[in-house]
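What follows is a short report on a single structure.
All of the numbers you see were taken from the coordinates with simple rules; none came from a lab. Quick caveat, the model's predicted, so the values are computed rather than measured. Counting neighbours? That spans all protein chains shown, and the Cβs are built from the backbone with ideal geometry, glycine included.
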Amino acid sequence: MAGTAVRGRLTWQAATVGSVMDETAQVRTLALEVPDWPGHRAGQHVDVRLTADDGYQAERAYSIASAPGEPLAITVERLDDGEVSPYLTEELRVGDEIEVRGPIGGYFVWDAADGGPLLLLAGGSGVVPLRAMLRHRERLGSTVPVRLLYSSRSLADVIYRAELDRCSDGVAVIHTLTRQQPAGWTGYARRVDPAMIAEVAWPVAEMPLAYACGPTSFVEAAASALVAFGYPPQRIRTERFGATGQ
Ligand SMILES: Cc1cc2nc3c(=O)[nH]c(=O)nc-3n(C[C@H](O)[C@H](O)[C@H](O)COP(=O)(O)OP(=O)(O)OC[C@H]3O[C@@H](n4cnc5c(N)ncnc54)[C@H](O)[C@@H]3O)c2cc1C
């Protein structure tokens, strides 16, 4: 078993696109069939490698969108001027092959033994690994209380919207829409800031565990607001997707 896991992490493996699902106009989920997939933990990511006909290769990291025990899936946001994400979201078809390497990461993960309560902070596609955590919690039948604060540009940009709308049973999803709000919107309508964190966060005395994921600027703002609110830095786990995004 250990040998399988090590081989799976370190080597590139062929992955066949099993299905594609549009989440928003810019975002697509790809279910990937990897014959020797060693399994993964909630919050881990994979490296994806594309090879052009002339041998040119490009690699990018993508969080795993599916829960442990579910088939591997990634959710990719198309950056129109990007190199890899337009190909993954527009060109790839069911039956096409790419290469993946993973699962990768042992820090930005949530296992049942980590407990809670959980504060999940997502900016744009940063919701992807947090969704894997939510699904993991549900599949386990865990009762750990969760609050997800999710920042999107508009309602149409909310990834996994129907799935998040169905969350109940100890999971509260709080949206903030930073650029455009539908008529009658009563939720937050600004970027995550210390005042919002103070309203949404679990009290420090409850020893919550916080996960913040998204564009670098989002993660920095969220993490420093949490520290200002009193969360010990060792209870805050962060994953930065880079400078672009939400
Ligand atoms: C651990 C991890 C997990 C991730 N998970 C996800 C995920 O679940 N979903 C997801 O959608 N993304 C995720 N990402 C981001 C992903 O890896 C890619 O960075 C993203 O898809 C963009 O890749 P791209 O090739 O399309 O864009 P790139 O070609 O890499 O370009 C990205 C941006 O940088 C700009 N740029 C490129 N080169 C230059 C340059 N020389 N000078 C100035 N600007 C430049 C481009 O204009 C573009 O806006 C994750 C990243 C990390 C590190």
Nearest 10 degrees, 0 to 90: helix 127-140 Cα axis against the chain principal axis: 90
Would you mind computing, in nm to one decimal, how far apart the modelled labels at S224 and D81 are, each placed 7 Å from Cα along Cα→Cβ? 2.5
Label points 7 Å out from Cα along the Cβ direction at D96 and V20: separation in nm? 0.5
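Could you work out the helix-only [θ] at 222 nm for the chain, with each DSSP H run of four or more residues adding -39,500 (n - 2.57) and the total divided by the number of residues, to the nearest 500 deg cm²/dmol? Provide the component values of the computation, followed by the final result.
Details: 5 runs with 49 residues, N = 246.
For the chain, the value works out to -6000 deg cm²/dmol.
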Where q = 0.09, 0.16 Å⁻¹, what log10 of I(q)/I(0) comes from the Debye formula for segment 112-246, counting one point per Cα? -0.23, -0.76
Along the charge dipole of segment 63-205, Cβ charges K/R +1 and D/E -1, which of L149, W185, I159 sits furthest on the positive end? W185
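Go through segment 51-110 and name the chymotrypsin sites (Phe, Trp or Tyr not before Pro) that are in a DSSP coil and have 14 or fewer other Cβ atoms within 10 Å of their Cβ. List each step's numbers first, then the result.
Details: sites: Y56, Y62, Y87, Y107, F108, W110; in loops: Y56, Y107, F108, W110.
Filter output for segment 51-110: Y56, Y107.
Can you tell me how segment 6-155 classifies by the Cα gyration tensor, rounded, prolate or oblate, using a/c under 1.5 as the rounded cut?
oblate
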Could you point to the residue in L72, V94, Y211 farthest towards the positive end of the chain's charge dipole, with +1 and -1 charges on the Cβ of Lys/Arg and Asp/Glu respectively? Y211
Please work out the FRET efficiency for the pair A172 and D53, using the Cβ-Cβ distance as r and a Förster radius of 45 Å; give the result to the nearest 0.05. 0.40
